[in-house]
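Just so it is clear, none of the values below were taken in a lab; they were calculated from the coordinates. Because the structure is a prediction, the values reported are computed rather than measured. All Cβ positions, even for glycine, are placed from backbone atoms using ideal geometry, and neighbour counts span all protein chains on display.
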Amino acid sequence: MTRHKTIKRRKKKSMGEVVREAREDMGFTYRQAASEIGIWFSTLHDIENDKAIPRLDTAVKICNTLMIPIDEMIEGLNETMRRRMWLI
């Protein structure tokens with residue numbers, strides 16, 4: 001009888017989850033972070049709730065402000081979403 005190992009795969013975090021965690025870790029409110037990044041509060045809210053995908057230039061601003069590696073931020077995006085950000 002052969003034993004099969006069960007491999008647990010790490011669930012990829014969505015872009016919104018990554019951004020929210022970084023913002024909260026830095027102690028920023030939505031409004032503070034949006035102001036530092038240079039975007040509207042509502043835009044940041046939509047990104048964190050996975051209702052919007054930022055353009056590449058905005059994603060870079062978010063990463064720089066919240067100290068998120070860009071690859072970590074986009075890791076959870078599928079190919080269609082990456083195209084929307086101009087990454088493919």
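Residues in segment 38-47 carry Karplus couplings, in order, of x, 10, 5, 3, 5, 5, 4, 4, 5, 5 Hz; the curve used is 6.51 cos²θ - 1.76 cosθ + 1.60 with θ = phi - 60°, and Gly or Pro positions show x.
The mean of 1/r over all distinct Cα pairs in segment 15-84, once inverted, gives the Kirkwood hydrodynamic radius of 11.8 Å. Charge tally for N49 (other residues, Cβ to Cβ under 12 Å; Lys, Arg +1; Asp, Glu -1): -2. Amide H to amide H distances under 5 Å link A52 with I47, where only residues 5 or more positions off or on other chains count and H is placed in the peptide plane.
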